[in-house]
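Since every read-out is calculated from the coordinates, none of them should be taken as a lab result. Small disclaimer: the values here were computed from a predicted structure and weren't measured. Don't worry about glycine lacking a Cβ; one is built from the backbone with ideal geometry, like all the others, and counts go over all protein chains shown.
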Ligand SMILES: [Fe+2]
């Protein structure tokens with residue numbers, strides 16, 4: 001999405017959009033950062049090794065992604081972009097629901113084993 005929105009932009013258009021630092025460092029290349037410009041690192045990925053704990057971490061990530069998509073929708077009046085973002089937002093809702101179902105299954109199995 002970022003590539004499609006910026007691939008034909010001039011340096012001046014990127015500068016006007018607040019993307020001059022990105023252009024200077026990466027030209028039109030995609031470079032993964034958060035909204036503050038911090039590069040993506042593997043430290044964002046959490047794994048405790050306990051399936052239930054890890055699924056709750058995944059649920060939190062999905063909910064944060066859902067909220068981020070909503071805030072991106074709020075920032076644009078481009079209807080086509082809003083449609084794409086709404087699809088991605090709904091996808092995160094489904095991911096969250098599937099992870100919640102997996103937690104329920106694991107908790108049921110954990111509790112069943114504790115009974116016997
Ligand atoms: Fe997701």
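Each label point was placed 7 Å from the Cα along the Cα-to-Cβ direction; for residue 53 and residue 16 their separation is 5.1 nm.
If R0 is 41 Å, what FRET efficiency do you get for residue 101 and residue 80 from their C-beta distance, rounded to 0.05? Efficiency computed from Cβ-Cβ geometry: 0.80. For the stretch 56-77 and the stretch 14-29, write down the distance between their C-alpha centroids in whole Å. Comparing the Cα centres of the stretch 56-77 and the stretch 14-29, I get a distance of 24 Å. Taking other C-beta atoms within 10 angstrom as a stand-in for reagent exposure, 96, 84 fall in the order 84, 96, fewest first. In terms of its alpha-carbon gyration tensor, the stretch 25-116 comes out oblate; a/c meets the 1.5 threshold, while b/c is at least as large as a/b. If you plug the beta carbon distance of residue 5 and residue 43 into 1/(1 + (r/R0)^6) with R0 = 22 Å, you get a FRET efficiency near 0.20. Ordered by the number of other Cβ atoms lying within 10 Å of each residue's own Cβ, fewest first, 79, 103, 93 fall into the sequence 79, 93, 103.
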